[in-house]
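Reading through the structure tokens given below for one structure.
The values are calculated or read from the model by the stated rules, or taken from the named source; none is laboratory data. Computed from a predicted structure; not experimentally measured. All Cβ positions, glycine included, derive from the backbone under ideal geometry; neighbour counts span all protein chains shown.
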Amino acid sequence: MSELWTELAAYLTVEKTLALVRAAVLLVAGYLISKIVARAIGGLASGRLELQQSVLLRRVVSYLVMVLFVVAALHQLGFNLGVLLGAAGVLSVAAGFASQTSASNLVSGLFLIGERPFAIGDVIQIGGTTGEVLSIDLLSVKLRTFDNLFVRIPNETLIKTEVRTLSRFPIRRVDLQIGVAYKENIERIRELLFEVADRNPLCLDEPKPVFIFQGFGDSAVNIQFSPWALKENYLELKNTIQLEIKKAFDEKGIEIPFPHRSLYVGSATDPFPVRVVDGEAGKSVAGRS
């Protein structure tokens, strides 16, 4: 143990000790200055650039300032920067071959930043995941789902998958699928739906709601009714207007049928007897059809 301390004392001469102190001071100062400069740059760019561009600019400035101070600290310790740069180049090539997925995510991140299909704060849908964008980084995008889960999605997945930006435009359309009985008057149904939309304060007058006759279903006449709302009122309108439509249909005696089937057995001249079992009495009735 004493020999170790002796060797350490012989190595740590006054000059080397001062070099270590200067390097440590440069690293601490570099960290603090990088944060201050990045914050100042972000404040200046906040009114001129988008949020994602401002965040990216702050990170780039912070990394550049920190790299300069790290280089200065290594120079104080006597490292040959030319040798270090050569070794870093070799390591970068080796790391590139070893981590092709990361390289693909990095390139995809650059495409996302350049293309800007969405921004921080937007609500996007990727496959079965929907959430608010928290950050757009070079390797991944971070989301917060509506049930408050943190989701990280690699940039390569975003490039290869269909991405829906739900909050890109100021208004959204609420598509309601409605089925009514065949006996109902479709024109009267149309008028009633527009009356319900007119009474709902969340439904926009322009664009006007869309009424689409979708066809004849197995058990009902299928209709699509699509009012428009501001994006922040989308969910509230979707809930309230369906309740109002149900109430209006009940008041007017309009039937919303459930799926059913008609069974025909035999013919009018030669009916096939069917046994119907009465579940309550436990009895069977023959000859019903």
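Summary table below
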| read-out | value |
| --- | --- |
| Residue selected from region 204-260 under the condition among the hydroxyl-bearing types (Ser, Thr, Tyr) and part of a helix (DSSP H, G or I), by the criterion nearest to Leu166 (Cα to Cα) | Tyr234 |
| Enumeration of residues in region 167-180 that are within 15 Å of Glu236 (Cβ to Cβ) and among the aliphatic types (A, V, I, L, M) | Ile171, Val174, Leu176 |
| Where a residue in region 172-189 is at positive phi and its partner, wherever it lies, is loosely packed, with under 12 Cβ neighbours inside 10 Å, with Cβ under 9 Å and at least six apart | none |
| Selected residue (only one of Ser267, Ser226, Ser284 is in the same structural domain as Ile186 (by TED's automatic domain parsing), surrounded by 13 or more Cβ atoms within 10 Å (Cβ to Cβ) and either under 26 Å from Arg173 (Cβ atoms) or modelled with pLDDT under 90 (or both)) | Ser226 |
| Residue ID - farthest from Ala119 (Cα to Cα), chosen from residues in region 1-40 that are among the β-branched types (Val, Ile, Thr), at pLDDT below 75 and assigned to a helix (DSSP H, G or I) | Thr6 |
| Which numbered condition Val196 fails, given (1) under 19 Å from Lys247 (Cα atoms); (2) assigned to a strand (DSSP E or B); (3) not charged (D, E, K, R) | (2) |
| Tally, over region 109-121, of residues that are at pLDDT 85 or above and in contact with an Asp or Glu (Cβ under 7 Å, 6 or more places away or on another chain) | 2 |
| Among the candidates Val55, Val65, residue that is surrounded by 14 or more Cβ atoms within 10 Å (Cβ to Cβ) and either under 28 Å from the mean Cα position of the chain (by Cα) or at pLDDT below 75 (or both) | Val55 |
| Elements of type strands (runs of 3 or more DSSP E) in region 125-193, at least 1 residues being surrounded by 15 or more Cβ atoms within 10 Å (Cβ to Cβ), within 11 Å of the chain's Cα centre (by Cα) and among the β-branched types (Val, Ile, Thr) | 129-136, 140-145, 150-154, 163-165 |
